[in-house]
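Peer 1: After the structure tokens below, expect a handful of questions from me.
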Amino acid sequence: MKISEMTLGEVVTEYPGASAILSKYGVDFCCGGARRFAEALRGHGLDPHVVGNEIVAQRVGGRRLDVKLGDFSTLQLIEHILNFHHAYVRAQRVPLLSLAGKVVEVHGARHPEYREAATLLAGMLDELELHMRKEEEILFPAIIALAGHEATGAPVPETCFGSVANPIRMMEIDHRQTGDELFRLQKITSGYVLPDDACASCEAFYQGMYHLQENTFEHVHLENNILFPRALELERTACVRP
Ligand SMILES: [Fe+2]
Ligand SMILES: [Fe+2]
């Protein structure tokens, strides 16, 4: 299929390097992953052919990931999300916030954008922690039970939330909020471009936020565009099975 005919979610699944390119242009592929690539790019005033060529060139350049996460089993995907995304957010929290505090204390008077970014970042990390706990304690166990039912016919336990579509809808609302906050951070920091007088701590602060953005966009993409549709399909199949 041609890249212009794919959805944003399909493009990012097929071309992992696409996530960084789309983020750079401010295109949300996580929560808006069902939109057609060409249409979404035109909506941002971008030429789909130019951006499509940039994405394909990146893959030709050999920077494509060896592993296609879309080929992972549901359990492997959840394990990957826990180990490479949830763990990453938690590992970054203390060092990044302490860096933010230091940068604001020393340079905040001359650079209000540092303070604004630090406040937004702290709130976002708090929300992310709550969000990840809801996934780990409520949604992921339900998806694991559905995958177990498909593999072995094990009974699917009753849940207090009924259909898996209900917690998924809640998680997607959280994702939209996190995506908006990340794009706001990108705007406040002028795309993570440092002012001329930036010191090494400022550089580490911006770099840390940039990596958190990249990791989180990938994280949300895996959940919204791969894991959640799969969970809904597993539940549909489990319901029609005699
Ligand atoms: Fe997650
Ligand atoms: Fe999530």
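Peer 1: Helix-derived [θ] at 222 nm for the chain: sum -39500 (n - 2.57) over DSSP H runs of at least 4, divide by residue count, nearest 500? The partial results should precede the final answer.
Peer 2: On the way: 11 runs with 156 residues, N = 242.
When only DSSP H runs of four or more count, the value is -21000 deg cm²/dmol.
Peer 1: Additional query: So, in Å, what gap is there between the alpha-carbon centers of the stretch 116-139 and the stretch 155-173?
Peer 2: One Cα centre to the other: 20 Å.
Peer 1: Here's something else I'd like to know. Would you mind calculating the relative contact order of the chain from Cα pairs under 8 angstrom and at least 6 residues apart, reporting the percent as a whole number? Walk me through the numbers on the way to the answer.
Peer 2: Values: 205 pairs, mean separation 68.3, N = 242.
Averaging sequence separation for qualifying contacts and normalising by length gives 28 percent for the chain.
Peer 1: Next question. Rounded if a/c is under 1.5, else prolate if a/b beats b/c, else oblate: with a ≥ b ≥ c from the C-alpha gyration tensor eigenvalues square-rooted, which is the stretch 3-63? Kindly include the intermediate steps, with their values, before the conclusion.
Peer 2: Working: a/c = 1.57, a/b = 1.34, b/c = 1.17.
Prolate, since a/c reaches 1.5 and a/b exceeds b/c.
Peer 1: Which whole-Hz couplings ³J(HN,Hα) result when phi for each residue of the stretch 182-196 is put into the Karplus expression 6.51 cos²θ - 1.76 cosθ + 1.60, θ = phi - 60°, listed in order with x for Gly and Pro?
Peer 2: Here the 3J(HN,Hα) series is 5, 5, 5, 4, 4, 5, 4, 8, 6, x, 6, 9, 6, x, 4 Hz.
Peer 1: By how many degrees, 0 to 90 and rounded to 10, does the Cα axis of helix 48-58 deviate from the longest principal axis of the chain?
Peer 2: For 48-58 against the chain, the angle is about 90 degrees.
Peer 1: Quick query: amide H of residue 7 versus all other amide H atoms, modeled in the peptide plane; which residues come in under 5 Å with a sequence gap of 5 or more or a different chain?
Peer 2: Placed amide hydrogens put 37 under 5 Å from residue 7.
Peer 1: Can I ask one more? Output the pairs from 24/134; 2/187; 24/68; 68/102 with a Cα-Cα distance over 27 Å in this structure; if there are none, say none.
Peer 2: Working: 24/134 30 Å; 2/187 31 Å; 24/68 22 Å; 68/102 39 Å.
In this structure, 24/134; 2/187; 68/102 lie more than 27 Å apart at Cα.
Peer 1: How high is the relative contact order of the stretch 3-63, in percent, counting Cα pairs under 8 Å that sit 6 or more residues apart? Please report the intermediate quantities before stating the final value.
Peer 2: On the way: 59 pairs, mean separation 25.9, N = 61.
Relative contact order for the stretch 3-63 comes out at 43 percent.
Peer 1: So, one more: Using a 1.4 angstrom probe on the protein heavy atoms only, could you order 174, 196, 47 from most to least accessible area? Intermediate values should be presented prior to the final figure.
Peer 2: On the way: 174 35, 196 165, 47 75 Å².
The ordering from most to least exposed comes out as 196, 47, 174.
Peer 1: Further, regarding this structure: Find out how many positive minus negative residues lie around residue 13, taking Lys and Arg as positive, Asp and Glu as negative, among other residues whose Cβ is under 11 Å from that of residue 13. Please report the intermediate quantities before stating the final value.
Peer 2: Details: positive: 68; negative: 10, 14, 71, 218.
Net charge around residue 13: -3.
Peer 1: Next question, about the same structure. Once the Cα atoms of helix 200-221 and of the chain are each reduced to a long axis, what angle between those two axes, in degrees from 0 to 90 to the nearest 10, is obtained?
Peer 2: The answer is roughly 20 degrees.
Peer 1: To the nearest 10 degrees, how steep is helix 87-107 against the longest Cα principal axis of the chain, on a 0 to 90 scale?
Peer 2: Tilt relative to the chain: about 20 degrees.
Peer 1: At q = 0.09, 0.12, 0.14, 0.20 Å⁻¹, what is the base-10 log of I(q)/I(0) for the stretch 72-240 according to the Debye formula with one equal point scatterer per Cα and no solvent? Please give it to two decimals.
Peer 2: -0.38, -0.60, -0.74, -1.22
Peer 1: Let a ≥ b ≥ c be the square roots of the eigenvalues of the Cα gyration tensor of the stretch 47-149; is it rounded (a/c under 1.5), or, if not, prolate (a/b larger than b/c) or oblate?
Peer 2: It is oblate, given that a/c is not under 1.5 and a/b is not larger than b/c.
Peer 1: Then there's this: Compute, for the chain, the length of the dipole vector about the Cα centre, with Cβ point charges of +1 (Lys, Arg) and -1 (Asp, Glu) only. Units Debye, rounded to 20.
Peer 2: Working: 23 positive and 33 negative charges, 59 e Å.
Around 280 debye, computed over the chain.
Peer 1: In debye to the nearest 20, how big a dipole does the stretch 3-63 give about its Cα centre with +1 on each Lys and Arg Cβ and -1 on each Asp and Glu Cβ?
Peer 2: That gives a dipole near 120 debye.
Peer 1: To continue, here is another question. Given Cβ point charges of +1 (Lys, Arg) and -1 (Asp, Glu) and nothing else, what value in debye, to the nearest 20, does the dipole of the stretch 68-171 about its Cα centre take? Mind showing how you got there, number by number?
Peer 2: On the way: 9 positive and 13 negative charges, 68 e Å.
For the stretch 68-171, the charge dipole is close to 320 debye.
The values are calculated or read from the model by the stated rules, or taken from the named source; none is laboratory data. Here the structure is a predicted model, which means the values were calculated and not measured. Cβ: placed from backbone, ideal geometry, glycine included. Neighbour counts: every protein chain shown. To get the accessible areas, we keep the full protein, side chains included, count just its heavy atoms, and leave off ligands, DNA and RNA. Shrake-Rupley method; radii C 1.70, N 1.55, O 1.52, S 1.80 Å.
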